[in-house]
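The values are calculated or read from the model by the stated rules, or taken from the named source; none is laboratory data. Remember, it's a predicted structure, so these values are computed and weren't measured experimentally. Glycine also receives a Cβ, built like all others from the backbone with ideal geometry; neighbour counts cover every protein chain displayed. The protein model used for the area step is the full one, side chains on, heavy atoms only, and it has no ligands, DNA or RNA in it. Shrake-Rupley method; radii C 1.70, N 1.55, O 1.52, S 1.80 Å.
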Amino acid sequence: MNKTSGMRAKGAYDTLKPMTISSWQSELKQTIRDPRTLVEYAGLDHSDTVLPSRATASFPVRVPAAFLDRIQHDNPDDPLLRQVLPVAAEDDETAGFSEDPLGESRHQPVPGLLTKYPGRVLLVATGVCAIHCRYCFRRHFPYQKNNAGRNDWRPALAAIRDDTSIREVILSGGDPLSLADDKLSALLQSLSAIPHIRRIRIHSRIPVVLPDRITETLVDALTEIHPQVVMVIHANHANEIGENAAAGLQRLHDAGLPLLNQSVLLRGVNDDSTALVNLSERLFDCHVLPYYLHMLDPVAGAAHFLVDDDTARKIMNEVRTRLPGYLVPRLVREEEDELSKTPLD
Ligand SMILES: *Cc1c(COP(=O)(O)O)cnc(C)c1O
Ligand code: SF4
């Protein structure tokens, strides 16, 4: 049977379906999931490379092609590769590193809603990410249970509607931009209909790792609602931001969205002042201001990324001497029972 007759056999509805799947959605499906592809890319020898079996079973490899393209061939120390390649140490247990390092399970009034800081709520909009970052503090997050999108937005929306002290809703995840346009639009519209919501903040790594997602339809959805949408992207290294990402950020900037970046300070990735200076300058070229530089959250499996407090302060002191103040991110730590992030400097 040739391709055409195969399609016809499925009926008219199915032949139309592929046309409704946008290219970013097929890209999202075509991510690299086999760690051996990364091992080969890095020029490492399969027989010498031990991969963590437990860690990859619970938090599998996931790398979009656009991100893979930005990894240097045959460089096992590539700062982008390090963020996505699982290492044997992930299976080790390290004192002080746990599955829920921020005690998030204790701050959820309804599934998927995190209320920790006054005036702001964080909505876990989906469990899906375009990329799996090995340092992710939500790598063990029970998305099946605590995911407002999976079940139904209504309880989370009702809680936001009932609390008039909330000014800002932060869409997080997972990655909120992995939601299909119709779902995301419906969520934005529902939030927009709540009079006390002034700002909707979207935390997403997708503008960097899957830039084709920044379509005209998306930009329209983000700009046609009355609350101001703020986009916080997530890049850890200047090499992550290629021409496609720059073009997507330009579209968001042209649409009037404030653009901020947050990073995590990661050993072997960006733990020197030159890497951080280059990142800030690249971000500014793309109309993005640095917001936070986070200390690693002590999540089980990520201990090999830890940079200690003294080293972090020393690096930031150097960064401050090399950049204008507005390009220096705030070095912070997330602590369980505080009412804001804790500054380190
Ligand atoms: C980080 C965070 C926020 C937002 O904090 P800002 O300082 O406003 O960026 C809100 N809620 C939770 C649970 C957070 O972890
Ligand atoms: S994109 Fe964000 S939430 Fe998803 S794995 Fe990476 S750090 Fe975690």
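For segment 116-126, 3J(HN,Hα) computed residue by residue from phi via the Karplus equation (6.51, -1.76, 1.60; θ = phi - 60°) reads 10, 10, x, x, 10, 10, 10, 10, 7, 7, 6 Hz, glycine and proline entered as x. The charge dipole of segment 224-313, taken about its Cα centre with unit charges on the Cβ of Lys, Arg, Asp and Glu (plus for the first two, minus for the last two), comes to roughly 120 debye.
Carbon-plus-sulfur accessible fraction, segment 228-345 (probe radius 1.4 Å, protein heavy atoms only): 49%. The phi torsions of segment 71-83, fed into the Karplus equation with coefficients 6.51, -1.76 and 1.60 and a -60° offset, translate into couplings of 7, 6, 5, 6, 10, x, 9, 4, x, 7, 4, 4, 6 Hz, rounded to whole numbers, with Gly and Pro shown as x.
Counting only residues at least eight positions apart within a chain, or on another chain, the aspartates and glutamates with an alpha carbon under 14 Å from that of Lys29 are Asp212.
Could you tell me the relative contact order of segment 262-345? Use alpha-carbon pairs under 8 Å, at least six residues apart, and round to a whole percent.
Details: 107 pairs, mean separation 29.9, N = 84.
Answer for segment 262-345 is 36 percent.
The residues of the chain expose on average 47 square angstrom of accessible surface per residue, using a 1.4 Å probe on protein heavy atoms. Membrane-span-like helices of the chain, defined as complete DSSP H segments with a Cα extent of 15 Å or more along the helix axis and a mean Kyte hydropathy of at least -1.0, are identified as 181-192, 243-254, 273-285. Look at where the Cα atoms of segment 30-105 and of segment 149-206 average out, and the two centres are 31 Å apart. Gain on full extension, evaluated as 0.36 nm per residue between Ser23 and Tyr326 minus their Cα-Cα distance, stands at 105.5 nm.
Can you tell me the order of 202-209, 92-99 when each peptide is scored by its average per-residue count of other Cβ atoms within 10 angstrom, highest first? Each step should come with its number before you reach the end.
Numbers: 202-209: 25.9, 92-99: 12.2.
Ranking, from highest mean packing down: 202-209, 92-99.
Near His287, once Lys and Arg are set to +1 and Asp and Glu to -1 for all other residues with Cβ below 15 Å from its Cβ, the sum equals -2. Both the radius of gyration and Dmax for the chain are 20.5, 67 Å, in that order, over alpha-carbon atoms. Distance distribution P(r), segment 57-134, all Cα-Cα pairs, bin width 5 angstrom from 0: 3, 11, 16, 17, 16, 16, 13, 6, 2, 0 percent.
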